[in-house]
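Participant: One structure coming up, written as structure tokens, with questions to follow.
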Amino acid sequence: DKHRDYDWYWVSKVLRLPSLKARMIDSMKAGKGLTFWSANGLAEFWGKSDLEVASAFRELLGASSSAIAEAAEDLPTMIDDPSLTRSAILKALRDKPHDTRFLLRALRRLGLAGDDEAFNAALDAGNPTRRSLYDDNWREEMIRTFGTRPEIRELARAELLIRDGEIGAVAEAF
């Protein structure tokens with residue numbers, strides 16, 4: 001049942017059903033499971049011109065950090081005020097969610113690679129030495145988002161020396 005958001009995304013590509021939109025909005029607000037699929041579908045197929053969808057994304061700014069983390073990648077597209085989006089993303093990063101990749105992608109979309117506060121919150125949200133899927137995603141997105149910073153350049157060098165390092169992100173960033 002936790003994979004329903006994935007199915008809803010693909011159905012919404014073809015059918016813009018009000019009942020489907022309502023389910024996706026509820027799921028996105030809950031922030032449990034794979035709700036990034038619902039957030040992405042709402043942003044991609046209904047967009048901010050849909051009043052219900054736009055309102056749901058605005059409400060999300062005050063939601064739990066896990067809900068923000070799941071929908072973060074679409075916040076810069078859906079929220080016209082970058083400072084509100086930035087604040088919500090930093091709040092979620094400070095709570096150190098398991099999955100930070102969408103938060104880091106949102107920072108990159110906002111053009112915040114030079115923002116020291118955003119960098120420090122992102123750096124503190126991950127673990128450069130632990131080898132888990134979420135930490136691998138964190139390293140990958142840190143390299144892509146903050147690749148010009150000395151700390152991240154060092155992290156990128158280390159990725160080149162380990163088995164299954166984030167070589168793709170290193171190649172893309174440098």
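The numbers here are math on the coordinates, done by the rules we state, and not lab data. Note that the structure is predicted; figures quoted are calculated from it, not measured. With ideal geometry, Cβ positions are generated from the backbone for all residues, glycine too; neighbour counts draw on all protein chains shown.
Participant: Can you find, among 111, 69, 51, the residue farthest towards the positive end of the dipole of the chain? Put +1 on the C-beta of Lys and Arg, -1 on that of Asp and Glu.
Facilitator: My answer, from the dipole projection, is 51.
Participant: Could I ask something else about it? Given springs between every Cα pair under 10 Å in a Gaussian network model of the chain, which of 136, 116, 74 has the largest fluctuation?
Facilitator: Answer for the Gaussian network model of the chain: 116.
Participant: What angle, in degrees between 0 and 90 and rounded to the nearest 10, separates the Cα long axis of helix 18-30 from the longest principal axis of the Cα atoms of the chain?
Facilitator: 40 degrees
Participant: Round to the nearest 0.05 the FRET efficiency obtained for residue 108 and residue 19 when R0 = 25 Å and r is the Cβ-Cβ distance. Walk me through the numbers before you get to the answer.
Facilitator: On the way: r = 34 Å, r/R0 = 1.36.
Taking R0 as 25 Å, the efficiency between residue 108 and residue 19 is 0.15.
Participant: Continuing with the same structure: Over the chain, what is the mean sequence separation of C-alpha contacts under 8 Å (at least six apart), divided by residue count, expressed as relative contact order in percent?
Facilitator: Numbers: 241 pairs, mean separation 25.0, N = 174.
Reported relative contact order: 14 percent.
Participant: Starting from 0.36 nm per residue, how many nanometres of slack lie between residue 131 and residue 32 once their C-alpha separation is accounted for?
Facilitator: Details: separation 99, 0.36 × 99 = 35.64 nm, distance 2.33 nm.
Length difference between fully extended and current span is 33.3 nm.
Participant: Helix 133-146 against the longest principal axis of the chain: what's the angle in degrees, Cα atoms only, rounded to the nearest 10?
Facilitator: Long axis of 133-146 versus the principal axis of the chain: about 80 degrees.
Participant: Just to check I understand the Karplus step: with θ = phi - 60° and J = 6.51 cos²θ - 1.76 cosθ + 1.60, what whole-Hz values come out for the range 55-68, glycine and proline as x?
Facilitator: Values, residue by residue: 5, 4, 5, 5, 4, 4, 4, x, 7, 5, 4, 5, 5, 4 Hz.
Participant: Could I ask something else about it? Would you calculate the separation in nanometres between label points at residue 151 and residue 84, each defined as 7 Å from the Cα along the Cα-to-beta-carbon direction?
Facilitator: Using points 7 Å along Cα→Cβ, the separation is 3.0 nm.
Participant: Using the Cα centre of the range 40-170 as the reference point, and only Cβ charges (+1 on K/R, -1 on D/E), how large is the resulting charge dipole? Debye, rounded to the nearest 20.
Facilitator: Numbers: 18 positive and 24 negative charges, 76 e Å.
Magnitude of the dipole: close to 360 debye.
Participant: Give the angle, between 0 and 90 degrees and rounded to the nearest 10, that separates the Cα long axis of helix 82-94 from the longest principal axis of the Cα atoms of the chain.
Facilitator: That works out to roughly 60 degrees.
Participant: Next up: At 4 °C and 1.567 mPa s, grab the translational diffusion coefficient of the range 32-174 from Stokes-Einstein with a Kirkwood Rh over Cα pairs, rounded to a whole number in µm² per second.
Facilitator: Estimated via Stokes-Einstein, D reaches 84 µm²/s.
Participant: Tell me what the chain gives for mean residue ellipticity at 222 nm when only DSSP H runs of n ≥ 4 count, each as -39,500 (n - 2.57), the sum divided by the residue total, rounded to 500 deg cm²/dmol.
Facilitator: Values: 12 runs with 113 residues, N = 174.
Value at 222 nm, helices only, nearest 500: -18500 deg cm²/dmol.
Participant: Residue 32: which lysines have alpha carbons under 20 Å from its alpha carbon, excluding same-chain residues fewer than 8 sequence positions away?
Facilitator: Within the straight-line cut-off, residue 32 pairs with 2, 21, 91, 96.
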